[in-house]
Amino acid sequence: MTQAQEQRTDTANRILDVAEHLVQVRGFNAFSYADVAGELELTNAALHYHFPTKSELGEALIARYAIRFTGALNEIDESRVDPPGKLDAYVDLYADVLRNQRMCLCGMLAAEYETLSAGMQVAVADFFEMNEQWLAEVLRHGHDDGTFRFTGSPLDEALSIVSGLEGAMLIARSFGDSGRFQSAARQLVTTLRR
């Protein structure tokens, strides 16, 4: 990679870092290129060079977030922890985001779903589907080994857990109390255990 390519990549990553923070704190529709440019001391033209449209920026944000989240799920899988331990580690991913005074990127985008571009809508749905599929597999293993008890399919239970965690984040944020998230998450997990 040439020095010019490295600089472009570095600038693009810095743009994504700032934009991700703004989405997780304010929401996608509540920031502009001017906000990002001001924080990075760039011109709007420089932002448009890297991300010609805001929806392209949004799609890049989701793609990067999904890659990191998938990496975290792979780390959980590689830890060879039992299903309850994997579920606890999954909940901790959400708790860590909230502890950093942020919301799940795709949860924030889901709240603005109708205003997003078609590409962003697909990417948000794909992110949640990936989470639900991974969690369903964990639940299936836990059900098979007798550590989890639930009625319905593992996928139905996974949908409920992901929805519950996302909702718990929103409610905790509105009270400024991460303890509310911890309490709701604990309740979701406890009901599964025998």
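The values are calculated or read from the model by the stated rules, or taken from the named source; none is laboratory data. As the structure is a computational prediction, the values presented were derived from the model and not from experiment. Neighbour counts run over all protein chains shown; Cβ positions are idealised from the backbone, glycine included.
Quick look at the values:
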read-out: Conditions (1) in contact with a Phe, Trp or Tyr (Cβ under 8 Å, 6 or more places away or on another chain); (2) farther than 19 Å from Pro84 by Cα; (3) small (Gly, Ala, Ser): number failed by Gly142; value: (2)
read-out: Options Ser160, Ser153: the member that is within 19 Å of the chain's Cα centre (by Cα) and farther than 14 Å from Gly107 by Cα; value: Ser160
read-out: Among residues of region 145-185, those that are polar (S, T, N, Q), over 21 Å from Gly85 (Cβ atoms) and touching a helix residue (DSSP H, G or I) at 6+ places or on another chain (Cβ under 6 Å), counted; value: 1
read-out: Selected residue (criterion: surrounded by the most Cβ atoms within 10 Å (Cβ to Cβ)) from residues of region 147-187 that are of a type in the set (A, V, I, L, M, F, W, C) and farther than 21 Å from Asn100 by Cβ; value: Ile161
read-out: Options Leu61, Leu16, Leu22; residue that is farther than 30 Å from His141 by Cα, within 12 Å of the chain's Cα centre (by Cα), among the aliphatic types (A, V, I, L, M) and assigned to a helix (DSSP H, G or I); value: Leu61
read-out: Pair list, Cβ < 9 Å and 6+ apart or interchain, from region 171-184 residues that are more than 16 Å from Gln24 (Cβ to Cβ) to residues that are aromatic (Phe, Trp, Tyr); value: Ile171/Phe181
read-out: Within region 113-146, considering residues that are surrounded by fewer than 17 Cβ atoms within 10 Å (Cβ to Cβ) and not in a helix (DSSP H, G or I), the one modelled with the highest pLDDT; value: Ser117
read-out: Any hit, region 100-109, residues being surrounded by 16 or more Cβ atoms within 10 Å (Cβ to Cβ), within 30 Å of Ala34 (Cβ to Cβ) and basic (Lys, Arg); value: yes
read-out: Test: residue in region 74-89 that is more than 22 Å from Arg173 (Cβ to Cβ), charged (D, E, K, R) and surrounded by 19 or more Cβ atoms within 10 Å (Cβ to Cβ); value: yes
